[in-house]
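Okay, so here's the structure we're looking at.
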Amino acid sequence: MSTVGRYTAFAAVLLLFGLFLLWPVWTVISTGLGLSTPGVKLASVGAYLAAVFQDQQFRMGAINSAVIAALVTLCCVAITVPLALLNRRFEFPGKKLFASLLLVPLVLPPFVGAIGIRFIFGAQGALTALCQHLGLVPQGMPINWLAHHSFGAVVVSEAFSLYPILFVNVVTALSFVDPSLEQSAANLGASAWRVFRSVTLPLMLPGVFAGASIVFIWSFSELGTPLMFDFYDVTPVQVYFRITEISNNPLPYALLIVTMLGCCLVYALGKLAVGWRNQMGWTKTPGALGTVRLSGLAGVGMAVPFVLVILFALLPHIGVVLTSFSQTGQWYDSVLPRVFTTAHYQHALTHELALPSIRNSLVFSGLSVVLDIAIGLGLGILIVRSRLPVALRALIDSLSMLPLAVPGLVLAFGYLAVRSLLKLALSWPGTTGVSQPVTGGVFWTPDSGLVSDMILS
C-alpha cells in the first residue's frame, strides 16, 4: 500500500469512528452535562449530573446496577474457571460435545432466558406443579418463587446467559500457558494446588480479566432482563423510562454518563490488569499439555459438572421452546404443557406484522456481520500489516477496542440524540428531538424526586 493509500485509509478510519462512535458519545455527554442548553452558564454545567448523585432513587439504581454486575461476574468466574481447568486437564467421553453445549446460551440474549424462567418459576409454573405432584406443596397453593426475589433472579439469569463469554476467554488463555512451567513446578515437588496458585493462575489472569470486564459491562448496562423480572431500580431501566416519558429532559443522559463512566472504569482496570501481567510464561502458539484420559465411572463423574451447568443454563431456553409449542392457556398448574400446537409458528410466519419483523431482524443481523467482517479485516490490516507510524496504529487499536467500554445503551440513545439534532438542524417537520435544547426544561429534583421546572441561567 502506498503512502497516500495508508494515510487515506487512516483518515477513513478516523471519520468512521468519529461519526458512529465519538459523535454519539459526545452528544450524550454534552446533553447530560447541560452543554446543549442555550445560554447555560459555566456554574450550571454538570447540574444534571450532580442531581443523579443527590437523588436517592438514582443512587440506589446505580448501586443496584453495580452490585448486580459484580455478582454476575463473580458467578461467571465461579462457573467457568473450574470447567475450563477440567476441560484442559482431562479427556473423557463427550468432552467436545459438552464444550460446545456450554456455548449455546450465547445464541439467545439474557432477556429471552428471563421469559422462560418466569414460565417455569412463576406462581402457577412448572416448578410449583412438580412440587405439588411430588406432595411437597399442598394442591391449589400457588407459589411464586420469584416473588421478593427479583434481584436474585436477575443475577442468576444473567450469569447463566453470559458465562460463555468468560469461558471462551479463560480456555483461550489456558491454551497459551506454557505447560513446561507447570511441569517444572511439579517436578520440583509443588503440589497440584500450589502449581495452580503460583503458576497457572497468574498466567491465566489476563484472560479472566478480559472476559470478566466484558461480562461486567454487559450486565451493568443490561436493560431487558430487569424489565422481564419487574426490577426497575437499576440505571438502564431508569434511563429507558425517563427518556420515553420525558423526551427533552437531559437528566436521563446524565444517567447514561454515569453508566458509561462506570463501564469505562471497569474496562480500563481490566486493560491495566492485563497489561502489567508478566507474559514470559505465554507461548506464541497454543501449548500442548498432556491430558489424563478418563473412562468408566471416572469419566462419568468428570462429566457431571458440565452436565449440571448445561442443564441450568439451557433450562430457561427449554422453557421458551415449550412455551412456543404450548396452546394458549395450557401451561398452568402443570409440569409440561397439556396441549401442544404449531399454530404460533404458523401465525408468526404469516402475520402481516410478524413476518416483516423476522425479515428485518435477519437482514439487519446479516448486514451487521458483513460490516463487522469488512471493518475488522480493514482495521487488522492497518494495525498489523501497514507501515503507519506506531503511534497511529496504536490509536487505531484503541479506537477499535473502545466500543467494548461503551455500553450499547449509551450508543443507542446517542444515535437518537444525534438524529434529533440533525432533524432540528434541517428543520424537518414534526421535530420533537430527544435532546432538543430547552431554556426551561423539566428537571427531576433530587430532594423531592418530582418533575419540576428549572431554568439554567
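Nothing in this text is a laboratory measurement; each read-out follows from the coordinates by a stated rule. Note that the structure is a prediction, hence the values are computed from the model and not measured. Quick reminder, even Gly has a Cβ in these numbers, built from the backbone with ideal geometry, and neighbours come from all protein chains shown.
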Could you check the simple spin-label distance between TYR7 and VAL304, using points 7 Å along Cα→Cβ, in nm with one decimal? 6.7
As a footprinting exposure proxy, order TYR7, TYR163, TYR332 by other Cβ within 10 Å, with the fewest listed first. TYR7, TYR332, TYR163
When LEU392, LEU83, LEU97 are ordered from fewest to most other Cβ atoms inside 10 Å of their Cβ, what list results? LEU97, LEU392, LEU83
Going by average Cβ neighbours within 10 Å, how do the peptides 262-270, 347-355, 393-401 rank, with the highest at the top? 262-270, 393-401, 347-355
What residues have an amide H closer than 5 Å to that of SER326, excluding those fewer than 5 places away on the same chain, when H is modeled at 1.01 Å from N in the peptide plane? THR341
So for region 143-184, what percent of the C-alpha to C-alpha distances run longer than 13 Å? 68
Whole-angstrom gap from region 98-170 to region 389-406, using each part's C-alpha centre: 38
Could you give the nm distance between label points at ALA50 and LEU315, where each point is 7 Å from its Cα heading toward the beta carbon? 4.9
Gain upon complete extension [SER324, LEU272; 0.36 nm per residue less C-alpha separation]: 14.2 nm
